[in-house]
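The values are calculated or read from the model by the stated rules, or taken from the named source; none is laboratory data. All figures in this text were calculated on a predicted structure; none of them were measured in a lab. Here the Cβ positions follow ideal geometry from the backbone for every residue, glycine too, while neighbour counts run over all protein chains shown.
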Amino acid sequence: MSISEVDLRGLLARTLAVPPSEIGADASMDTVEGWDSLKQLQIVLALEEAYGVSFGEDEALDITSLDLIREALKRHKVQVGR
Amino acid sequence: MPEGLASESLSDSPPRPAAPNHFLMGGRLSYRDYIDLAALLSLEASRFEDWPEYRIAVVRNITIEPLTPVISGEVMRSGLRPTLHVGNFDSAAAETLDPKSAVYAAKPDMVVVVQWLETASPAIGVRHVRLSSEERSAAISSALAQVRSIVQAIRANSNAVVLIANAPLPPAPTLGILDPQLEDGQTAAVLEYNKGLALIARETANAYILDLMGLIARIGWDSAIDARMLAMARAPFSQKALTAIGEQIGRFVRALRAKTRKCLVLDCDNTLWGGVVGEDGVAGVKVGTAFPGSAYREFQERALDLAARGVILAINSKNNYADVIEMLSKHDGMALRESHFAVIKANWNDKVENLKAIARELNIGVDSLVFVDDSVFEIENVRSRLPEVATIHLTGKPAEHAVQLADSGLFDGLALSSEDRERTAMYAAERMRNDIKGSYDNIEDYLASLGLVADIAMVSPIERSRAFQLMGKTNQFNMTTRRLTEGDVALLADGDDSWVVRLRARDCISDLGLVGIAILQRAGDDIEISDLLMSCRALGRGVESAFIARLTEFAFAQGAAKVAGLYCRTSKNALCIGFYEKAGFDLVSKDLDNERWERARDAGASPAPAWVKIEGDMQ
């Protein structure tokens, strides 16, 4: 399966309730306001439902940046196209 | 994105007007849909400024944050603007017992209590098998006492509605395969706990059960519980469970705001039976005990359940009238019969016109109707031209139709009065009354022949839920259309300078039951009628005049210098115009939509019609 970068960033933006423009290439828990450990749970649930994946215990709470999410999706056979 | 809620900044499709009714018809939403709705609320807040606010607080001992977008979305689907407050982790008791806590500062309309049993009572939830029978009883009592004190504290400090989450059944009960049959099994302990919670809800005003046991049973533990998130973050629910729990909270919000529908309007061909009666004939259509007719029969049984709850049934079908009547009277596979329907429109007219006619004949608004049809054409026709009507489009297999009807939540009510249970018979009596009417020359002779009795008294504690229900759903003959909470009604009924008066009406054919409510409040030397409403079912027989006559008599007996009647115009209550004038009140002030009418003490009580006997005790 392959998804677009815009799609992924849009999903993150909506979950975090910020305009899509605030999710830049370096978006992470440290750079986006409101992205905390509780929002992280919503992000994981939303990603899993949207892309039909199930993250492991070692991943779910650790994929706290756009880069880490992209890599985790890749491990679950979801390619994020540019 | 859910139907009816396009976003300018979140999607490319053109924005559609936000019509609350439209969200309700959108069917099930996914977790992501709710995330989108919640994002819309933050990012395009100005669109929702005019919506009435609805505040929900959650007190909990688990990580409930993943549920918040679902709760928000469901409140939005009810046409309300949500404000959420989530209490601190595992602090429900401390927060609810403290009148100054943030929970009460949030001024909630609803408080949801989610005490996960494993955490609230590890004795029952985890260590159950190692308990003696005394310890087991003590553990259940103490878990219930904990919830009772939380609920009572909320009741003491706030008028908010309380939703109490019950406990799901244990997925792997501690005594293994024998557990479900043992008196001291974990299964029995959880059921006993839930039974105790139901008792707390019944004993507390404005408290209801959020049925986690039922919701999780329907989904299945393995799909509903995210063991990983539970272990890592104390967040037990999967996306599926979160949407189901939020949906049920939404159903409570809608039922509390009295957006409950009154009449179920059914199509016939491929809705009540399989096939087309005009083509296949009465013998050829499918309905009865054998499949596929059994699926249609099951659907009819669900419609009958709704009738037993007080929902009025009607037919709106493109068919020859005689064919439909023949099905209803002759086909032995049918559960629904002619006597179950208040109105039958089986003709070749436009279904939108039929719906308007049904509403007119029943004296209810079209926004009280729910229309069910299998045809996408008919459903779209109604959705686009008469959007106030809620629609259920029967899709998929006939075997799924019955659940689709039962699941709609459009008829959810929070009280079930004896009037509800008898409504079908009352409408049948109304048809009989219309038959008698034909045999009298003038209306007064007819009314005199009915032997009308208006029984007028203070509302009793057991009548309060019916009174509250009537206040919530009466639109047309409702002077001020204030939607009070059940708590407000109780406060006014108990107050020294306010009175909640109810009207029961009956005649020689039937007892109409509790059909009217008035609230009187002392204002200086005067007494004001702040609320006056009557079910349309009882109008046009002089009972309303008898009511105001008795109310004015009572107010003057209480020493009022003047009785004031208030009228507040809404889009639906034009029926009230002229009422106070006819009762001999004078208009003393009028602004845009509000009028104040007064009757002075010298004028005495308003005139009562000779043909209505007034009885009842106003003490």
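When the residues of the range B:22-46 are narrowed to those that are more than 7 Å from every other protein chain (Cβ to nearest Cβ), surrounded by fewer than 17 Cβ atoms within 10 Å (Cβ to Cβ) and in contact with an Asp or Glu (Cβ under 9 Å, 6 or more places away or on another chain), which ends up modelled with the lowest pLDDT? Result: B:Gly26. The residue that is farthest from A:Lys77 (Cα to Cα), counting only those in the range A:1-11 that are surrounded by 19 or more Cβ atoms within 10 Å (Cβ to Cβ) and touching a residue at least 40 places away in the same chain (Cβ under 8 Å), is A:Arg9. Here's a check for you: in the range B:178-201, which residue that is closer than 23 Å to B:Arg218 by Cβ and out of contact with any helix residue (DSSP H, G or I) (no Cβ under 9 Å at 6 or more places or on another chain) is surrounded by the most Cβ atoms within 10 Å (Cβ to Cβ)? The extreme case among them is B:Ala198. Only one of the listed residues (B:Glu378, B:Glu361) is touching a Lys or Arg at 6+ places or on another chain (Cβ under 8 Å), among the charged types (D, E, K, R) and not in a loop (DSSP other than H, G, I, E, B). That residue is B:Glu378. Suppose we keep only residues that are small (Gly, Ala, Ser) and more than 14 Å from chain A (Cβ to nearest Cβ) within the range B:47-86. Which one would you say is farthest from B:Val162 (Cα to Cα)? Top of the filtered list is B:Gly79. Screening B:Asp332 against (1) in contact (Cβ under 8 Å) with a residue 12 or more places away in the chain; (2) closer than 22 Å to B:Gln404 by Cα; (3) surrounded by fewer than 17 Cβ atoms within 10 Å (Cβ to Cβ) leaves a single unmet condition, (2).
Per-residue answers, yes or no, for (1) among the acidic types (Asp, Glu); (2) in contact with an Asp or Glu (Cβ under 7 Å, 6 or more places away or on another chain); (3) at positive phi; (4) not in a loop (DSSP other than H, G, I, E, B):
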{"residue": "B:Asn475", "(1), (2), (3), (4)": "no, no, no, no"}
{"residue": "B:Trp499", "(1), (2), (3), (4)": "no, no, no, yes"}
{"residue": "B:Cys508", "(1), (2), (3), (4)": "no, no, no, no"}
{"residue": "B:Ala518", "(1), (2), (3), (4)": "no, yes, no, yes"}
{"residue": "B:Glu544", "(1), (2), (3), (4)": "yes, no, no, yes"}
{"residue": "B:Thr552", "(1), (2), (3), (4)": "no, no, no, yes"}
{"residue": "B:Leu566", "(1), (2), (3), (4)": "no, yes, no, yes"}
{"residue": "B:Ser571", "(1), (2), (3), (4)": "no, no, no, no"}
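With respect to the conditions (1) within 11 Å of another protein chain (Cβ to nearest Cβ); (2) among the charged types (D, E, K, R); (3) closer than 21 Å to B:Tyr34 by Cα, A:Asp7 falls short on a single one, namely (1). Say we look at the range B:168-199 and pick out the residues that are in a helix (DSSP H, G or I) and touching a residue at least 40 places away in the same chain (Cβ under 8 Å); which of these is farthest from B:Leu144 (Cα to Cα)? Filtering the range B:168-199 for residues that are in a helix (DSSP H, G or I) and touching a residue at least 40 places away in the same chain (Cβ under 8 Å), the one farthest from B:Leu144 (Cα to Cα) comes out as B:Gln186.
For every residue, the table says whether it meets (1) modelled with pLDDT under 95; (2) within 14 Å of another protein chain (Cβ to nearest Cβ).
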site: B:Glu183; (1), (2): yes, no
site: B:Arg202; (1), (2): yes, no
site: B:Ala205; (1), (2): yes, no
site: B:Leu210; (1), (2): no, no
site: B:Ile216; (1), (2): no, no
site: B:Trp221; (1), (2): no, no
site: B:Ile225; (1), (2): no, yes
site: B:Phe237; (1), (2): no, yes
site: B:Gly250; (1), (2): yes, no
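Can we say B:Arg136 is over 28 Å from B:Gly246 (Cβ atoms), at pLDDT below 95 and of a type in the set (Lys, Arg)? Spelling it out, B:Arg136 is indeed over 28 Å from B:Gly246 (Cβ atoms), at pLDDT below 95 and of a type in the set (Lys, Arg).
Applying the criterion of being over 14 Å from A:Ala72 (Cβ atoms) and within 12 Å of the chain's Cα centre (by Cα) to the residues of the range A:12-23, the residue that is farthest from the other protein chains (Cβ to nearest Cβ) is A:Ile23. Of all residues in the range A:24-64, those being surrounded by fewer than 18 Cβ atoms within 10 Å (Cβ to Cβ), away from chain B (no Cβ under 14 Å) and small (Gly, Ala, Ser) number 3.
Would you mind finding the one in B:Gly516, B:Gly578 that is within 33 Å of the chain's Cα centre (by Cα) and more than 28 Å from B:Leu491 (Cα to Cα)?
Working: B:Gly516 fails: more than 28 Å from B:Leu491 (Cα to Cα).
B:Gly578 is the lone residue from the list that is within 33 Å of the chain's Cα centre (by Cα) and more than 28 Å from B:Leu491 (Cα to Cα).
With respect to the conditions (1) crowded, with 24+ Cβ neighbours inside 10 Å; (2) touching a Phe, Trp or Tyr at 6+ places or on another chain (Cβ under 7 Å), B:Arg81 falls short on a single one, namely (1).
Does the range B:515-523 contain any residue that is within 18 Å of B:Ser368 (Cβ to Cβ) and either modelled with pLDDT of 85 or more or among the polar types (S, T, N, Q) (or both)? The answer is yes; a qualifying residue exists. Scanning the range B:590-606 for residues that are of a type in the set (D, E, K, R), more than 36 Å from the chain's Cα centre (by Cα) and not in a strand (DSSP E or B) returns B:Arg601, B:Asp602.
Annotation: of all residues in the range B:362-377 being under 29 Å from B:Gly275 (Cα atoms) and of a type in the set (D, E, K, R), the one that is nearest to the chain's Cα centre (by Cα) is B:Asp373.
Taken together, B:Ala153, B:Ala160, B:Ala205, B:Ala165 contain a single residue that is surrounded by fewer than 18 Cβ atoms within 10 Å (Cβ to Cβ) and within 32 Å of the chain's Cα centre (by Cα), which is B:Ala205.
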